[in-house]
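These notes are about the structure you will find just below.
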């Protein structure tokens, strides 16, 4: 792969629309290295940065939070405490989703006519409510 990619090549290789690439540029997440005619040119390492952005978004980071993790020279400046807090948030969400999944599975198998009369169902609801708070 060549070192320089134009915006269309980056979009094709990454699956990220050119308009989104320009938006990421405005947010300070990626930086073009120049232009060839009207087309922005990016170093091939932009593909790795885009993968990190996708990963960060999946982990619940906002674009502004991710932009704050990149210094003006384009190097990462990661706040490790922020990563730990995010990991704790994800762990909490996983626990909540497990309880909800268990509850849905129980309801699907429950033989009670009225689920509100089922002890297991009420227990699942109570556990779910405790986790949400």
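Throughout, read-outs are computed from the coordinates displayed, never taken from laboratory work. Keep in mind that what you see is a predicted model, and the values were worked out from it rather than measured. Glycine gets a Cβ as well: all are built from the backbone with ideal geometry, and neighbour counts include every protein chain shown.
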>> All but one of (1) over 22 Å from the mean Cα position of the chain (by Cα); (2) assigned to a loop (DSSP other than H, G, I, E, B) hold for residue 127; state the number of the condition that does not hold.
In response: (2)
>> Being under 20 Å from the mean Cα position of the chain (by Cα), surrounded by 14 or more Cβ atoms within 10 Å (Cβ to Cβ) and over 30 Å from residue 128 (Cα atoms) narrows it down to one residue among 11, 77; which is it?
In response: 11
>> Filter the stretch 18-32 down to the residues that are farther than 19 Å from residue 66 by Cα and exposed (fewer than 14 other Cβ atoms within 10 Å of the Cβ) and list them by number.
In response: none
> Do we have any residue at all in the stretch 103-115 that's within 27 Å of the chain's Cα centre (by Cα), free of Cβ contacts under 8 Å to residues at least 12 places away in the same chain and closer than 22 Å to residue 55 by Cβ?
Replying inline: no
>> So in the stretch 44-73, with the set limited to residues that are surrounded by fewer than 18 Cβ atoms within 10 Å (Cβ to Cβ) and more than 17 Å from the chain's Cα centre (by Cα), which one is farthest from residue 87 (Cα to Cα)?
In response: 44
